[in-house]
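Below: one structure, written as C-alpha cells.
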Amino acid sequence: MQRKAIASRVPAGAAIHGRSFIPRIGLIILMMISALPNLAAQDSRKIAVVPMPVTVEAGDGAFNLAPETRIIVDAATRNTGQMLALWLRPATGYALKVTRGEPADGAINLTLDRSLGRLGSEGYVLEVTPARVNISAATEAGVFHAAETLRQLLPAAVFAATLQQGVDWTAPVVRIEDQPRFRWRGAMLDVSRHFMPKEHVLRFIDLLAIHKLNTFHWHLTDDQGWRIQIKRYPRLTEVGAWRKETRLGHERKSPHGFDKQPHGGFYTQKEIREVVEYARQRHIEIVPEIEMPGHAQAAIAAYPELGVTGQPLEVWTQWGVNANIFNPSEKTILFLQNVLTEVVELFPGQFIHVGGDEAIKDQWKSSPEVQARIKELGLKDEHEMQSYFIRRMDSFLAAKGRRLIGWDEILDGGLAPGATVMSWRGVEGGITAAKSGHDVVMSPTTHVYLDYAQSQDATELPNIGGNLPLETVYAFEPLPAALTAEEARHVLGAQANIWTEYMPSPGHVEYMAFPRLLAMAEVGWTSPERKNYDDFLTRVLVHEQRLRNLGVNFRPLKPAS
Ligand code: ACM
C-alpha cells in the first residue's frame, strides 16, 4: 500500500500528534474550565444569533414566556410548532399548548404566508413584541429556521435538557428578517473511518439544524468500513462493516502499532429511514455517499470479484489512500447500480454522491482485462475509464430523477453531463466546472476541512495535522472572483468536511466541529457585507453557553492560558 504523490488531504509538513496522554489531560482541563460560569457571556438578553441574520431591528422591552403561552399554528406549521414546544419544555418545565387558530396576543404565532416569497425558499420574518411573537414565512423551512432563531433569543439556559430554576424566560423585542445566502450549507460526517452510532447521527443533525445548516453529507462507505445495509448484497455489511483492528498513531508516523480491537457497525435500512425522517422534519437534506471507483476496499473485501486483482482483501486497518480499486467491468457497474437502486429508495433527496476522489489507477494500468476494456470502449486512458464509469452512474441516477455529485476528480477524463462537482482540492475544480455550466459545491481543504488542527497548541486533540483556525474558516468566500455573475450562479454553496480517522468518538467529533461549524454556518448563510469576525466572536462567546447546555464537547474560544 504505497502512498502516491496524488492530491491528499493530509497536509504537507503537518504537525503530527500521536494518541498521547498529554492532549487528553489538556482536554480535561479545557472541559473543566469551560464548565465554569463565563461572566462575559452571562448577558443572554443580548441578541447574539448564529448565523447572523440579514436584518435585526432591536426595540425596547421583552416578550415573557409563561406556562400559559400558546403556540398557535396552521396546518403547514404544526410540525414546527410541536417541535418548538418540545424544545422549550425540559428547561422551562412549561408544557406549552400547540393549537390551530388565528394569530393572537399571548402566543407564539407560526404562520405560513405565501406572500413572503421575496424571502426565498428558506427565509422568514420573526417579530417579538411584549404582547406576542409572530413568525411568518412562505415555506415550512422558513418557519422552522425562525423557530431556531427564537430559541437563540431566549436565555441560553433554554437549551438545557433539565429543569432550570430562577430563569427569566424572556425574549427581547426585535424584528428579524432573514434568508440564506446559499442554498447548500453543508457538513459531511465520515462514519466509515469510525462508526458513529445512530443516536450520535441524530444529535449531529440537531446541531446542524440549530445553525441553519441544511445539508448533511453522510460518508457511508470507504476502505475502512461499509456502513449501509444493502439487502441484495448482505456481505457488504456482514464482512465490509467490520475491521479486525485499527492502526495507532498518525499515518505518517512509523513505526506504528495496532490497537488489536475489532471495530465496526452499520445502519440497517430501518435505521436509515428513521434518520432520513428525522432530518426531513428539520428541513435537512441528506446526501448519501457511496464511494467509487476508489476507497472501495471494504466492498472488495466483501465481494473480491469486484476488485481488479482477484486477491482476497481484508477491510483496511490503516489510514491514507491505497491502490485497491473497483474493476470497471460491466459486472461491477451493475453491482453498484443495484446498490444505488436501494440507496435511492432510502434517500428521497435530489443528490447522490458517488465519491470519485483519490482513485489510484495502478491496478487498472497493469490489468490486461481492464486495458482490453479501455480499448474496446475506445477510451484514451485510465482517466477516461473513470469518466466512463462515472457517466454510467450519472445516466443511471438521472433516469431515476436524481442528480450525481462527486469530488472534483470526476472532472478528470471529462465530466459526466449531469454531474455536480464538490471542489475539495482548492476551488479550482469548482471554477472549471462552473465555467462549463455545471453546478458546484465549494469544500476546499484550505478552509473547511475540520479534521485539520484548530491551532498548533499541544493541547489539541489528536488530528490529521495542518492548521485551520476558526478565523480561517470564517474568512472562507465560496464565490471565487474568477467567476462571472452568470457562472457564480452555479455555486450552490459550501460545505465543511469531518473525516474521522483521528476521531474515535462522538465527543472528539464535536470538539473538532465546534466552534468551526458556527463559522461555516455563517459562511453559508450570511452575506459578506454582514460578516464581521470580531462581532462573530462576541456572539460565539454567548453561543458557547448554549452549546454547553446542549452538552456539546466544543473547543472553547478562550482555552486555558
Ligand atoms: C477527500 O478529502 N479525499 C475528498
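ARG227 fulfils the conditions (1) under 18 Å from the mean Cα position of the chain (by Cα); (2) open to solvent by 10 Å² or more (accessible area, probe 1.4 Å); (3) not hydrophobic (A, V, I, L, M, F, W, C) except for a single criterion, (2).
Is it the case, given these coordinates, that PRO469 is away from the ligand (no atom under 16 Å from the Cβ) and open to solvent by 10 Å² or more (accessible area, probe 1.4 Å)? First the steps, then the outcome.
Numbers: away from the ligand (no atom under 16 Å from the Cβ): yes; open to solvent by 10 Å² or more (accessible area, probe 1.4 Å): yes.
So PRO469 passes the test.
Evaluated against (1) in contact (Cβ under 8 Å) with a residue 24 or more places away in the chain; (2) farther than 19 Å from TRP499 by Cβ; (3) away from the ligand (no atom under 16 Å from the Cβ), GLU330 falls short on exactly one condition, (1). If you take the residues in the stretch 304-349 that are farther than 20 Å from GLU382 by Cβ and among the polar types (S, T, N, Q), which one is most open to solvent (accessible area, probe 1.4 Å)? It comes out as GLN318.
Of all residues being in a loop (DSSP other than H, G, I, E, B) and of a type in the set (Lys, Arg) in the stretch 222-272, which is nearest to PHE335 (Cα to Cα)? Just the residue, please. Write out each step before concluding.
We begin by selecting, within the stretch 222-272, every residue in a loop (DSSP other than H, G, I, E, B); these are 223-224, 227, 229-234, 239-241, 244-246, 248-257, 259-262, 265-266, 268.
Adding the requirement that they be of a type in the set (Lys, Arg) leaves 227, 231-232, 244, 252-253, 260.
Working: ARG227: 17, LYS231: 12, ARG232: 9, LYS244: 26, ARG252: 34, LYS253: 37, LYS260: 32 Å.
Among them, the one singled out is ARG232.
Only strands (runs of 3 or more DSSP E) wholly contained in the stretch 58-156 count here; list those with 2 or more residues that are out of contact with any Lys or Arg (no Cβ under 9 Å at 6 or more places or on another chain) and either buried (at least 23 other Cβ atoms within 10 Å of the Cβ) or touching a residue at least 60 places away in the same chain (Cβ under 8 Å) (or both).
Numbers: elements: 70-73, 97-100, 107-112, 124-128, 133-137.
In the stretch 58-156, 133-137 are the strands (runs of 3 or more DSSP E) which contain 2 or more residues that are out of contact with any Lys or Arg (no Cβ under 9 Å at 6 or more places or on another chain) and either buried (at least 23 other Cβ atoms within 10 Å of the Cβ) or touching a residue at least 60 places away in the same chain (Cβ under 8 Å) (or both).
Among the residues of the stretch 428-452, the ones that are within 16 Å of the ligand (Cβ to nearest atom) and either modelled with pLDDT under 95 or not in a strand (DSSP E or B) (or both) come to 13 in all. Taking the stretch 346-402 and the helices (runs of 4 or more DSSP H) fully enclosed by it, the elements with 2 or more residues that are touching a residue at least 12 places away in the same chain (Cβ under 8 Å), within 16 Å of ILE333 (Cα to Cα) and within 16 Å of the ligand (Cβ to nearest atom) are at 382-399.
Please count how many residues of the stretch 104-133 are touching a Leu at 6+ places or on another chain (Cβ under 9 Å) and farther than 15 Å from GLU177 by Cβ.
Within the stretch 104-133, the first condition is being touching a Leu at 6+ places or on another chain (Cβ under 9 Å), and the residues that meet it are 108, 110, 123-126, 128, 133.
Add one more test, that the residue is farther than 15 Å from GLU177 by Cβ, and what stays is 108, 110.
Qualifying residue count for the region: 2.
The values are calculated or read from the model by the stated rules, or taken from the named source; none is laboratory data. Because the structure is a prediction, the values reported are computed rather than measured. Positions of Cβ are backbone-derived with ideal geometry, glycine not excepted, and every protein chain shown enters the neighbour counts. Note: areas computed on protein heavy atoms with side chains; ligands, DNA, RNA excluded. Shrake-Rupley method; radii C 1.70, N 1.55, O 1.52, S 1.80 Å.
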